[in-house]
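The values are calculated or read from the model by the stated rules, or taken from the named source; none is laboratory data. None of the values given here were measured: they were computed from a predicted structure. Here the Cβ positions follow ideal geometry from the backbone for every residue, glycine too, while neighbour counts run over all protein chains shown. Areas reflect the complete protein model, heavy atoms only, side chains present, ligands, DNA and RNA absent. Shrake-Rupley method; radii C 1.70, N 1.55, O 1.52, S 1.80 Å.
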Amino acid sequence: MTNITIALSKGRIFEDTAPFLKAAGIVAQDDPESSRKLIIDTNNPAVRLIMVRASDVPTYVQYGAADLGVAGKDVLLEHGGGGLYQPLDLQIARCRMMVAVPDDFDYESAVFQGARLRVATKYLKTARDHFADKGMHVDLIKLYGSMELAPLVGLADAIVDLVSSGNTLKANHLKAVEEIMPISARLIINQAALKLKRETIQPLLEAFRSAIAAT
Ligand code: ATP
Ligand code: MG
């Protein structure tokens, strides 16, 4: 059997991917939440997991440092997806990419009047494409996290961010005004690895596929 490396990120991606790995007979030997190890062995000596930042997963797989990975569509859109197969939507880590503004901000009027909005986001490409499609001129401000803060302190008029329950928006007196797209995490595969290690990767892919069908 060929050796396989799978790139995952800590937190929800690791947790929600574990049942798929289990369906393929793969169980992590350490818990990445409590272990400081970045390379985690599994019960299968031919399979190891590497723990990287969520937004770095596509990069590790693109360059073949990992054969497979699990990454959110948000991250894949920003990365661009070069060198990657994206054969499966795992339907995990589901949320929505949204535009949000302060509770008292009249977004519809601002759009109608052609106001030039300042938009803070971690998702520059996605935001740029969205507002270009709407024919809106915006000034984008790149942030790396806690986007909800930006409108509260006058850094931006609006944010583009992931929303699931909406509780974080509510707690910060923000409201979602536009859905850009639904988001979920995908299995990604290095294109060369899929060809060279097909005999090992294909059964894994099939196990993941059946596990999606079963949920
Ligand atoms: P980092 O902590 O490295 O900055 P991150 O905050 O994007 O990365 P996570 O919060 O673990 O890392 O998110 C991983 C992926 O899970 C995201 O890329 C996205 O696809 C999805 N995700 C993010 N927020 C939510 C949410 N509130 N509900 C469901 N899925 C989410
Ligand atoms: Mg996060």
Being closer than 19 Å to K175 by Cα, assigned to a helix (DSSP H, G or I) and within 18 Å of the chain's Cα centre (by Cα) is the filter here; which residues of segment 127-164 pass it? A127, H130
Quick check on this structure: which one of V57, V70 is in contact (Cβ under 8 Å) with a residue 60 or more places away in the chain, in a strand (DSSP E or B), within 16 Å of ligand 2 (Cβ to nearest atom) and touching a Ser or Thr at 6+ places or on another chain (Cβ under 9 Å)? V70
Filtered residues of segment 42-81 (kept if within 13 Å of the chain's Cα centre (by Cα) and charged (D, E, K, R)): R53, D56, K73, D74, E78
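Residue-by-condition table, conditions (1) out of contact with any Phe, Trp or Tyr (no Cβ under 9 Å at 6 or more places or on another chain); (2) over 19 Å from S9 (Cβ atoms); (3) crowded, with 20+ Cβ neighbours inside 10 Å:
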residue	(1), (2), (3)
L77	no, no, no
D89	yes, no, no
C95	yes, no, no
F112	yes, yes, no
R116	yes, yes, no
Y144	yes, no, no
A156	yes, yes, yes
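Go through A176, A127, A132, A214 for me and flag whichever is under 25 Å from T59 (Cβ atoms) and away from ligand 2 (no atom under 16 Å from the Cβ).
Of the residues listed, the single one that is under 25 Å from T59 (Cβ atoms) and away from ligand 2 (no atom under 16 Å from the Cβ) is A127.
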State all residues of segment 33-64 that are surrounded by 15 or more Cβ atoms within 10 Å (Cβ to Cβ) and more than 21 Å from A207 (Cβ to Cβ); if no residue qualifies, say none. M51, V52, A54, S55, D56, P58, T59, Y60, Q62
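Among the residues of segment 177-187, is there at least one that is more than 16 Å from ligand 1 (Cβ to nearest atom) and touching a strand residue (DSSP E or B) at 6+ places or on another chain (Cβ under 7 Å)? So that I can check it myself, show each step before the final result.
Start the filter on segment 177-187 by keeping residues that are more than 16 Å from ligand 1 (Cβ to nearest atom), which leaves 177-178.
Cutting the leftovers down to touching a strand residue (DSSP E or B) at 6+ places or on another chain (Cβ under 7 Å) gives us 177-178.
So far as segment 177-187 goes, yes, one or more of its residues are more than 16 Å from ligand 1 (Cβ to nearest atom) and touching a strand residue (DSSP E or B) at 6+ places or on another chain (Cβ under 7 Å).
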Could you please let me know if V160 is touching a residue at least 60 places away in the same chain (Cβ under 8 Å) and either outside the structural domain of D56 (by the TED database) or open to solvent by 30 Å² or more (accessible area, probe 1.4 Å) (or both)? yes
Filtered residues of segment 78-121 (kept if more than 16 Å from ligand 2 (Cβ to nearest atom) and assigned to a helix (DSSP H, G or I)): H79, Y107, E108, S109, A110, V111, F112
Residues of segment 165-209 satisfying the condition of being of a type in the set (S, T, Y), within 22 Å of the chain's Cα centre (by Cα) and open to solvent by less than 70 Å² (accessible area, probe 1.4 Å): S184
Pairs with Cβ under 9 Å, 6+ apart, first in segment 139-150 and assigned by the TED database to the domain that holds L117, second open to solvent by 50 Å² or more (accessible area, probe 1.4 Å) and within 12 Å of ligand 1 (Cβ to nearest atom): K142/K122; L143/K122; Y144/K122; G145/K122; M147/K122; E148/T168
